[in-house]
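Undergrad: Got a structure for you, questions after.
The values are calculated or read from the model by the stated rules, or taken from the named source; none is laboratory data. Being a predicted model, the structure only gives us computed values, none of them experimental. All Cβ positions, glycine included, derive from the backbone under ideal geometry; neighbour counts span all protein chains shown.
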Amino acid sequence: MKKRALISVSDKTGLLDFAAALARLDYEIVSTGGTYKAIKEAGIPVTYVTEVTGFPEILDGRVKTLNPYIHGGILAMRTPGHLAQLEEHEITPIDIVAVNLYPFRQTVAKPDVTLEDAIENIDIGGPTMVRSAAKNHKYVAIVVDPARYPEFIEKLEKGEMDEAYRFDLARAAFRHTAEYDAYISRYLDNLEPKAPKFPAGLVLPGEKVMDLRYGENPHQTAAFYRMSDAMKSSIANAKQYGGKELSFNNIVDINAALELVREFDKPACVIVKHTNPCGTATGTDMQDAYTKAFAADPVSAFGGIVALNREVDELCAHELVKTFLEAVIAPAYSPKALAILAGKKNLRVMETGELEPATAYMDIKRVNGGFLVQDSDAKTVTEADLRCVTKRQPTEAEIAELLFAWKIVKHTKSNAIVVTKDNQSLGVGAGQMNRVGSAEIAFKQGGEKCKGAVLASDAFFPFRDTIDAAAAAGITAIIQPGGSIRDDESILAADEHGIAMVFTDFRHFKH
């Protein structure tokens with residue numbers, strides 16, 4: 001009996017070479033719709049599915065392969081009993097199934113997509129064939145990824161289409177349909193305003209971007225996945241121009257830097273070390289912003305990650321290559337800037353395209369045995385949101401500086417204290433077990449420059465000690481959430497020192 005292969009693909013990449021190879025290996029090819037047309041027009045022998053089923057495609061193509069002559073051929077085990085039933089019903093076994101699914105994900109990504117369009121791009125027959133073939137992988141080979149066609153044909157030619165390889169193909173097939181259903185589920189959930197934000201069951205489809213050399217440490221393995229709803233201007237979609245492969249820690253730090261620099265409207269630069277911003281500044285242009293950010297903490301900037309929110313020009317590039325950096329990420333680079341940065345052969349140069357405004361997304365934290373899901377912290381504060389609680393009102397210049405500092409403290413690990421002046425960070429205390437410790441680090445780092453500066457705290461002050469220390473350092477204005485049972489003590493301390501203090505009435509814990 002002649003061997004039979006069924007091909008029905010939405011993604012026709014490599015289709016004709018694949019079909020020609022199967023025909024050369026003496027497989028009868030059965031196909032549907034556009035796949036059949038493409039194979040036939042290429043002069044490759046092919047049988048239309050209706051010739052096998054004896055039934056026409058109906059319901060605008062919704063029903064064409066849902067038929068015993070197809071699924072009996074796929075699902076039959078090569079046992080005497082099953083083969084006898086196939087013979088009784090004149091069903092030919094199908095040995096190879098090459099199927100990939102309607103482009104649902106690509107369809108719903110279109111800005112003008114309608115629900116009707118989305119529904120019509122939910123594949124039914126395709127997943128059924130994929131799952132059938134994968135279930136019967138002991139006898140049937142299922143391939144869903146065009147990238148595997150060359151390897152698949154090579155296995156056939158060498159007689160290496162063994163059960164272990166078919167099992168590997170089956171695993172990929174079930175993963176393919178699981179991801180497909182997850183995309184559909186998320187899309188439909190997002191359409192329903194009354195649907196629970198966090199459903200009873202949560203599936204998170206992710207497309208592997210790359211395997212990583214290792215995780216946080218060399219003894220840990222790791223990979224990077226892209227979520228289906230990733231922003232265009234995110235690290236997941238960034239283009240790399242040069243340098244070494246990204247590491248696990250690079251990706252985490254680049255994301256931290258990018259999400260902070262996204263907060264600013266003016267030309268801005270953020271330098272991150274171990275996910276915390278060690279230098280942040282705005283300037284007249286990219287060179288000015290980077291120079292100020294670097295000067296904020298040149299020791300920590302060494303080996304850091306730099307994020308910028310405008311195109312990098314030649315002047316800025318010359319400054320960037322003066323020190324060792326792990327990576328630079330920006331919306332764009334001038335040709336001359338790219339040429340200059342290429343001189344640092346290990347520097348990872350990443351491009352995002354125009355930065356989109358920060359928006360809320362699903363923030364996920366893994367714990368042993370489960371994971372936590374929350375909205376990302378996309379809340380912003382404006383001057384109108386500030387509530388002055390001290391006798392002295394902040395000046396307009398202090399208000400602008402306080403808002404600048406607040407953006408930075410939002411992206412700094414708790415307990416977080418940030419000191420800034422002239423749109424430049426001077427001192428950053430991050431991740432300490434108490435707020436006074438963070439403040440002491442920030443004041444020591446800022447030194448004499450703290451005189452006339454402002455301070456931001458990601459959470460309230462439980463005692464007045466931080467404000468007393470701020471006054472001794474020369475701080476003139478403070479922004480904090482408020483909400484402590486001892487707020488009155490902090491306000492009294494600020495009044496005693498002539499410090500203006502404003503409350504935001506919300507905090508920015510970042511664990």
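Undergrad: Does any residue of region 415-425 turn out to be of a type in the set (Lys, Arg), crowded, with 24+ Cβ neighbours inside 10 Å and closer than 23 Å to VAL381 by Cα?
TA: Among the residues of region 415-425, not one is of a type in the set (Lys, Arg), crowded, with 24+ Cβ neighbours inside 10 Å and closer than 23 Å to VAL381 by Cα, which makes the answer no.
Here is a yes/no grid of residues against (1) in contact with a Phe, Trp or Tyr (Cβ under 6 Å, 6 or more places away or on another chain); (2) surrounded by 16 or more Cβ atoms within 10 Å (Cβ to Cβ):
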position: HIS176; (1), (2): no, yes
position: ALA182; (1), (2): no, yes
position: ARG186; (1), (2): no, yes
position: MET210; (1), (2): yes, no
position: GLY215; (1), (2): yes, no
position: THR221; (1), (2): no, no
position: LYS232; (1), (2): no, no
position: ILE235; (1), (2): no, yes
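Undergrad: Next up: Please specify each residue of region 35-71 satisfying the condition of being part of a helix (DSSP H, G or I) and under 41 Å from the mean Cα position of the chain (by Cα).
TA: Hits for region 35-71 are THR35, TYR36, LYS37, ALA38, ILE39, LYS40, GLU41, VAL49, ILE70, HIS71.
Undergrad: Here's something else I'd like to know. Output the residue which, of all residues in region 97-137 that are closer than 29 Å to ASP17 by Cα, assigned to a helix (DSSP H, G or I) and among the hydrophobic types (A, V, I, L, M, F, W, C), is nearest to the chain's Cα centre (by Cα).
TA: PHE104
Undergrad: In region 363-391, which residues are in contact with a Ser or Thr (Cβ under 9 Å, 6 or more places away or on another chain) and either assigned to a loop (DSSP other than H, G, I, E, B) or in contact (Cβ under 8 Å) with a residue 24 or more places away in the chain (or both)?
TA: SER376, ALA378, VAL381, ASP385, LEU386, ARG387, VAL389
Undergrad: Only one of (1) in contact (Cβ under 8 Å) with a residue 12 or more places away in the chain; (2) assigned to a helix (DSSP H, G or I) fails for ILE94. Which number is that?
TA: Only one criterion in (1) in contact (Cβ under 8 Å) with a residue 12 or more places away in the chain; (2) assigned to a helix (DSSP H, G or I) is unmet by ILE94, namely (2).
Undergrad: For the condition free of Cβ contacts under 8 Å to residues at least 40 places away in the same chain, over 24 Å from GLY33 (Cα atoms), in contact with a Ser or Thr (Cβ under 9 Å, 6 or more places away or on another chain) and assigned by TED's automatic domain parsing to the domain that holds ALA76, what is the one hit in ALA170, ALA164, ALA109?
TA: Of the residues listed, the single one that is free of Cβ contacts under 8 Å to residues at least 40 places away in the same chain, over 24 Å from GLY33 (Cα atoms), in contact with a Ser or Thr (Cβ under 9 Å, 6 or more places away or on another chain) and assigned by TED's automatic domain parsing to the domain that holds ALA76 is ALA109.
Undergrad: Between a residue in region 10-29 that is on the phi < 0 side of the Ramachandran plot and any residue that is in a helix (DSSP H, G or I) and of a type outside the set (A, V, I, L, M), which pairs come within a Cβ distance under 6 Å, given they are 6 or more apart or on different chains?
TA: ASP11/PRO146; THR13/PRO146; PHE18/TYR149
Undergrad: Tell me which of these ILE29 doesn't satisfy, since it passes every other one: (1) out of contact with any Ser or Thr (no Cβ under 9 Å at 6 or more places or on another chain); (2) not in a helix (DSSP H, G or I).
TA: Going through (1) out of contact with any Ser or Thr (no Cβ under 9 Å at 6 or more places or on another chain); (2) not in a helix (DSSP H, G or I) one by one, ILE29 breaks only (1).
Undergrad: Could you please find all residues in region 115-165 being basic (Lys, Arg) and under 14 Å from ALA5 (Cβ atoms)?
TA: Answer for region 115-165, where residues must be basic (Lys, Arg) and under 14 Å from ALA5 (Cβ atoms): just LYS155.
Undergrad: With respect to ASP313, is the statement that it is touching a residue at least 24 places away in the same chain (Cβ under 8 Å), in contact with a helix residue (DSSP H, G or I) (Cβ under 6 Å, 6 or more places away or on another chain) and of a type in the set (Asp, Glu) true?
TA: In short, yes.
Undergrad: Another one. Which condition breaks for MET350 when tested against (1) modelled with pLDDT under 95; (2) of a type outside the set (Gly, Ala, Ser); (3) under 25 Å from the mean Cα position of the chain (by Cα)?
TA: Condition (1) is where MET350 drops out.
Undergrad: Under the condition of being over 21 Å from LEU402 (Cα atoms) and over 26 Å from the mean Cα position of the chain (by Cα), which residue from region 292-310 is surrounded by the fewest Cβ atoms within 10 Å (Cβ to Cβ)?
TA: Among those that are over 21 Å from LEU402 (Cα atoms) and over 26 Å from the mean Cα position of the chain (by Cα), it is VAL299.
Undergrad: Still on this structure: Please note which helices (runs of 4 or more DSSP H) are completely contained in region 394-488 and include at least 2 residues that are within 23 Å of THR275 (Cα to Cα), touching a strand residue (DSSP E or B) at 6+ places or on another chain (Cβ under 8 Å) and at pLDDT 95 or above.
TA: Where helices (runs of 4 or more DSSP H) fall fully within region 394-488 and carry at least 2 residues being within 23 Å of THR275 (Cα to Cα), touching a strand residue (DSSP E or B) at 6+ places or on another chain (Cβ under 8 Å) and at pLDDT 95 or above, they are 396-410, 435-446.
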